[in-house]
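Since the structure comes first, as C-alpha cells, the remarks are kept for the end.
The values are calculated or read from the model by the stated rules, or taken from the named source; none is laboratory data. The model shown is predicted, which means the values in this text are computed figures rather than measured ones. Backbone-built Cβ (ideal geometry, glycine too); neighbour counts: all protein chains shown.
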Amino acid sequence: MKKVIILLFAILLSNSFYSNPGDTTWVTAFNLRKLTYTGAYDTTVAFPTNFSSNKVLMYLTIGRYTCPGNPQYCGSWDYTFDMILKPQGNDTVQIGKYITPYATNWVPNVNKHEYVLDVTDYAKLMNGTNGLQFIFDGYSYGFTATIKFAFIEGTPYQNVVDIKRIYKRNYYYFGNTPNQIENQLTNNAVSTGSNISRSIIKNFISGHGSDNNTYCLEFCAMTYSLLIDNTFNTSKSVWRNTCGFNQVYPQTGTWVYDRANWCPGDVSYPYIHDVSSMITSNATHSVNIDMPNYANASGQACYCLETQLITYSAPTFSNDVGVEWVYGPNSDDDAIRDNPTCSSPRILIKNYGSNNLTNAIITYSINNVAAQSFTWTGNLNYLDTVSMWLPGSSTIFPTPSSTNNIFAVNATTNGDQNIYNNKMFTYFEASAQYHTQRMVINMLTNASMNGPYSESRWFLYDESNNLVASRNNANINTNYNDTVNLNDGCYKLIINDDGCDGLSWWANSAAGTGYVRLKDANGNALKYLNADIGCQLIERFSINTNFTGLHTYNINERIDVYPNPFNSTFNIQFSLATSKQVKMRLLSIDGKVLKEETYAKVMENTVKIDVKELPNGIYFAELNVDGVKSIKKVVKQE
C-alpha cells in the first residue's frame, strides 16, 4: 500500500493538519536515524489533533550505513525492533514488532526495505503531542530507521472503545526457576467500558534464545493457552513457517530457517484472538496467557511479549468494501516475489461492512487504457478478506521499455457507504520480454534429496495457467537442458525447493551449487535466475516473436561468495553472460595483498579459495572481471 496511498491522497496543507475526507496527513517520527547503540530510542511526535481517520498506517524503512572505526561492531544480524507508543496519561502500548535482516550485503548496494503496518487500532491514542519509542535489541549497529505515519482522513469503520495493556512488553524467561514466565503472566484484571460490540486479544509474542538440547525458544514451537475469567478460550502455537518465502532475499545469514513467530527481515505479526463472546460492557474480566511447563536451567530462552485487550463499538457501515492490497502488478517492497508480472492482476479486498459481502464490482486499467470489469461473488463476513485473480491477458500489459506504469483498481458493492477505501494505484515495472520461440531451461541440481530425487523442480505455465513443461523428479548433481517451444504470450516459471534452502545457499555448502538459467536455442544467455531463493522463485516473462528491434537482455550477471563466514576455505561462484578473464586479489583489512589468482576463462564456474593459514578476521576479495572491479567482504571465523 505504501507508495500507493501517496498517489491516492496527496493533499497536505502546509503547516496544517486540515484536509478533506480521503486526504492523507503524513507525520515523520524518525528520519534515517542511525542505530548506534542497543536500547531505547525516544522522540516526541506531533500527531494530528482531533483527526478523524478511516485508517492509520505506519511505514518503517530499514537501511544500512557504514560504521566508522572497527567494523566488528557494525554487523547486521537478526535483532528485534519494537515500536512503542507513549500516550500522555495512558499506559504505553506496543504498536509493532519487526526483526532486522541479515544485511551485510546492503552497504555497497545501498539497499533498504520499506514495510507497512496497519496501526488503525491505536488512532485514538495518536492525538496531539505524544511520545514514541523504538527498542533495538542487538549487540552491533549499522542499521538506519525511518518511521512515518499516514493518517487517511475519513469516518472510522469501527471506533475503539478502549485499549488495555494486560502484560507490558518485556523479555520473559521460559523455564528459568524461579524467575520463569509463569510466575509473571498471572491473572490480570481489566475493566471494560460501555457499548462494546467486539473485543480482541492482541498478543505480540516471539521466542528468542536457545538451550543445547531442543534449541528453544528460537527454533522450537511452544503452544500457549488464552484464558478469560479462568475459562479456556483458545490456544496458539508460537511459530512462523514461512521464512523461506521472505520478501527480503537473498540475505547473508540463516534467513530461511523457520522460527518462533519471526523471520529475519520481516514484520513479526501479533496473534489476534476474537474474545467478543466472553467480554461484556461495564464489567471486570481476568485475562491470562498460560504457558506450558518447560525446564531450561540455563535461563537463556525467553519470550518477548506484550498482550493487549482492545474493545470496539458497533461497525460504522453496513455495506463497505475496500481494496486492501495489490499483489501484482506492483513494484512495492512487499510484493517482490509476485512481480514483475505480465498478465492477470491479483488483488485483495476486505469487507468493512457489518452485512456479509456477497458481491463486488472490480474495475481496473493499466496506464488509463482499456478499462476492464470483473464481478466477484461469494460470502465474506465482517473484516474478512479474499484474494482474486482478475482477467487480463498479456496484451494489456506494457512493453519492458515503458516507464512509470500505473495499475488502477476500484472495488464497490451495492449500497457502498464509504468510497474512500475503494481505490488503489500501484507503480510497476514490466516483466522481461524475449523474442525467441524456442527456449532452453537449464537447471543444475545440487546434492540435496527429497526421497530418491532432487529437492529442486520447476514448472512452466502459460497465461491461462496451463502447464506447458516441467522438470520434476530430477536426479541430484545433474545438469538438465530442456527445450520448450513457446507461442507469444505471458509465462510463469515456478521453481520449488522442497528443503526451502534454495538451489545454492552458503549455510549448506555440502549440498553444492545448483542454478537455473534461461537461454535461447543457440545457447545464448537470456537470464540467470537467483539460486538463493529459499522455498520458491516465480519468474514471469513474455514471448514476442514479432519483435523487430535490437534484442538486448539484462543477464543479471552475479558473483557470489559462500560460505560467509567461513572456516578455512570459501567459494566464489561466477554467473557471467560470456567467458571472461577474472583476476582475484585477497586483501587484508589494511589493504595488504595476501593472495592473487588469475582465471583465464570464467563463465559459469565456482572456484575454491584456501586460506586456512590466515588468522580469523575480516578480508576482502577484490575481483577484476575484464577491467570491472567488485569487492566482496569475507569473514574467517573458526
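Confirm whether residue 449 is hydrophobic (A, V, I, L, M, F, W, C) and surrounded by 20 or more Cβ atoms within 10 Å (Cβ to Cβ).
Numbers: hydrophobic (A, V, I, L, M, F, W, C): yes; surrounded by 20 or more Cβ atoms within 10 Å (Cβ to Cβ): no.
Judged against the criteria, residue 449 is not a match.
If you scan region 212-246, which residues turn out to be part of a loop (DSSP other than H, G, I, E, B), surrounded by 19 or more Cβ atoms within 10 Å (Cβ to Cβ) and more than 23 Å from the chain's Cα centre (by Cα)?
Within region 212-246, 216 is the sole residue that qualifies.
List every residue pair whose Cβ atoms sit under 8 Å apart, with the two residues 6 or more apart in sequence or on different chains, where the first one lies in region 586-605 and is among the basic types (Lys, Arg) and the second, anywhere, is in a strand (DSSP E or B).
As it stands, the answer is 595/584; 595/585; 595/586; 595/609; 601/580; 601/581, since those pairs meet every condition given.
Restricting to region 353-399, count the residues that are touching a Lys or Arg at 6+ places or on another chain (Cβ under 8 Å) and in contact (Cβ under 8 Å) with a residue 40 or more places away in the chain.
Here the count works out to 5.
Does region 99-115 include one or more residues that are charged (D, E, K, R) and either under 27 Å from residue 307 (Cβ atoms) or part of a loop (DSSP other than H, G, I, E, B) (or both)?
Restricting attention to region 99-115, the residues satisfying the condition of being charged (D, E, K, R) are 112, 114.
Within this subset, residues satisfying the condition of being either under 27 Å from residue 307 (Cβ atoms) or part of a loop (DSSP other than H, G, I, E, B) (or both) are none.
Checked region 99-115: no residue is charged (D, E, K, R) and either under 27 Å from residue 307 (Cβ atoms) or part of a loop (DSSP other than H, G, I, E, B) (or both).
State the number of residues belonging to region 207-246 that are of a type in the set (Gly, Ala, Ser) and free of Cβ contacts under 8 Å to residues at least 60 places away in the same chain.
Just the residues of region 207-246 that are of a type in the set (Gly, Ala, Ser), to begin with: 207, 209-210, 221, 225, 235, 237, 244.
In the following step, the residues that additionally are free of Cβ contacts under 8 Å to residues at least 60 places away in the same chain were identified as 221, 235, 237.
The number of residues fulfilling the criteria is 3.
(1) assigned by TED's automatic domain parsing to the domain that holds residue 531; (2) more than 30 Å from residue 495 (Cα to Cα): which one isn't true of residue 449, the others all being true?
Tallying (1) assigned by TED's automatic domain parsing to the domain that holds residue 531; (2) more than 30 Å from residue 495 (Cα to Cα), residue 449 fails exactly one: (2).
Look through region 517-537, keep the residues that are on the phi < 0 side of the Ramachandran plot and either surrounded by fewer than 19 Cβ atoms within 10 Å (Cβ to Cβ) or basic (Lys, Arg) (or both), and return whichever of them is modelled with the highest pLDDT.
Result: 536.
Across region 188-208, which residue is surrounded by the fewest Cβ atoms within 10 Å (Cβ to Cβ) among those that are in contact with an Asp or Glu (Cβ under 9 Å, 6 or more places away or on another chain) and outside any strand (DSSP E or B)?
Looking at residues that are in contact with an Asp or Glu (Cβ under 9 Å, 6 or more places away or on another chain) and outside any strand (DSSP E or B), I get 193.
So which residues in region 477-516 are surrounded by 19 or more Cβ atoms within 10 Å (Cβ to Cβ) and part of a strand (DSSP E or B), if there are any at all?
490, 491, 492, 493, 495, 497, 515, 516
Would you please name the residue that is farthest from residue 356 (Cα to Cα), looking only at residues in region 368-384 that are aliphatic (A, V, I, L, M) and within 29 Å of the chain's Cα centre (by Cα)? Can you show your working first?
Initial filter on region 368-384 (aliphatic (A, V, I, L, M)): 369-371, 380, 383.
From what is left, the residues that are within 29 Å of the chain's Cα centre (by Cα) are 380, 383.
On the way: 380: 5, 383: 10 Å.
Checked region 368-384; the qualifying residue farthest from residue 356 (Cα to Cα) is 383.
Any residue at all in region 526-534 that is hydroxyl-bearing (Ser, Thr, Tyr) and either farther than 20 Å from residue 572 by Cβ or not in a strand (DSSP E or B) (or both)?
Step one: of region 526-534, the residues hydroxyl-bearing (Ser, Thr, Tyr) are 528.
Next, only the ones that are either farther than 20 Å from residue 572 by Cβ or not in a strand (DSSP E or B) (or both) stay: none.
Looking through region 526-534, none of the residues is hydroxyl-bearing (Ser, Thr, Tyr) and either farther than 20 Å from residue 572 by Cβ or not in a strand (DSSP E or B) (or both).
I need the full set of residues from region 464-523 which are within 27 Å of the chain's Cα centre (by Cα) and of a type in the set (Lys, Arg), in order please.
492, 517
Scan region 163-178 and give yes if some residue there is under 30 Å from the mean Cα position of the chain (by Cα) and assigned to a loop (DSSP other than H, G, I, E, B), otherwise no.
Residues of region 163-178 under 30 Å from the mean Cα position of the chain (by Cα): 163-174.
If we keep only those that are assigned to a loop (DSSP other than H, G, I, E, B) too, we end up with 174.
Yes.
Test residue 420 against the stated conditions and say whether it is hydroxyl-bearing (Ser, Thr, Tyr), farther than 17 Å from residue 363 by Cβ, surrounded by 14 or more Cβ atoms within 10 Å (Cβ to Cβ) and touching a residue at least 24 places away in the same chain (Cβ under 8 Å). Give the steps one after another, and end with the answer.
Details: hydroxyl-bearing (Ser, Thr, Tyr): yes; farther than 17 Å from residue 363 by Cβ: no; surrounded by 14 or more Cβ atoms within 10 Å (Cβ to Cβ): yes; touching a residue at least 24 places away in the same chain (Cβ under 8 Å): yes.
No.
Which of the following residues is outside the structural domain of residue 382 (by TED's automatic domain parsing), more than 18 Å from residue 219 (Cβ to Cβ) and part of a loop (DSSP other than H, G, I, E, B): 257, 269, 294?
On the way: 257 fails: more than 18 Å from residue 219 (Cβ to Cβ); 294 fails: more than 18 Å from residue 219 (Cβ to Cβ).
Just a single option satisfies the conditions, and that option is 269.
Keeping to region 283-321, report how many residues are modelled with pLDDT under 95, surrounded by fewer than 22 Cβ atoms within 10 Å (Cβ to Cβ) and of a type in the set (Gly, Ala, Ser).
Total meeting the criteria: 4.
Quick check on region 214-231: of everything there that is at pLDDT 95 or above and not acidic (Asp, Glu), which residue is farthest from residue 200 (Cα to Cα)?
So, considering only residues that are at pLDDT 95 or above and not acidic (Asp, Glu), the one farthest from residue 200 (Cα to Cα) is 223.
Can you tell me which condition residue 184 does not meet? The list is (1) crowded, with 18+ Cβ neighbours inside 10 Å; (2) free of Cβ contacts under 8 Å to residues at least 60 places away in the same chain, and all the others hold.
Answer for residue 184: the failing condition is (1).
Hey, among the residues in region 88-116 that are more than 12 Å from residue 266 (Cα to Cα) and at pLDDT 95 or above, which one's farthest from the chain's Cα centre (by Cα)?
Filtering region 88-116 down to residues more than 12 Å from residue 266 (Cα to Cα) leaves 88-95, 103-112.
Next cut, at pLDDT 95 or above only: 92-95.
Numbers: 92: 27, 93: 24, 94: 20, 95: 18 Å.
Only one residue fits best here, namely 92.
In region 46-63, is there at least one residue being under 22 Å from residue 336 (Cβ atoms), crowded, with 22+ Cβ neighbours inside 10 Å and among the hydroxyl-bearing types (Ser, Thr, Tyr)?
No, there is no match, as no residue in region 46-63 is under 22 Å from residue 336 (Cβ atoms), crowded, with 22+ Cβ neighbours inside 10 Å and among the hydroxyl-bearing types (Ser, Thr, Tyr).
Cβ-Cβ under 6 Å, sequence separation 6+ or interchain: first residue in region 247-262 and hydrophobic (A, V, I, L, M, F, W, C), partner crowded, with 22+ Cβ neighbours inside 10 Å and in a loop (DSSP other than H, G, I, E, B). Which pairs?
Qualifying pairs under 6 Å: 248/101; 248/265; 255/264; 256/501; 256/534; 260/217.
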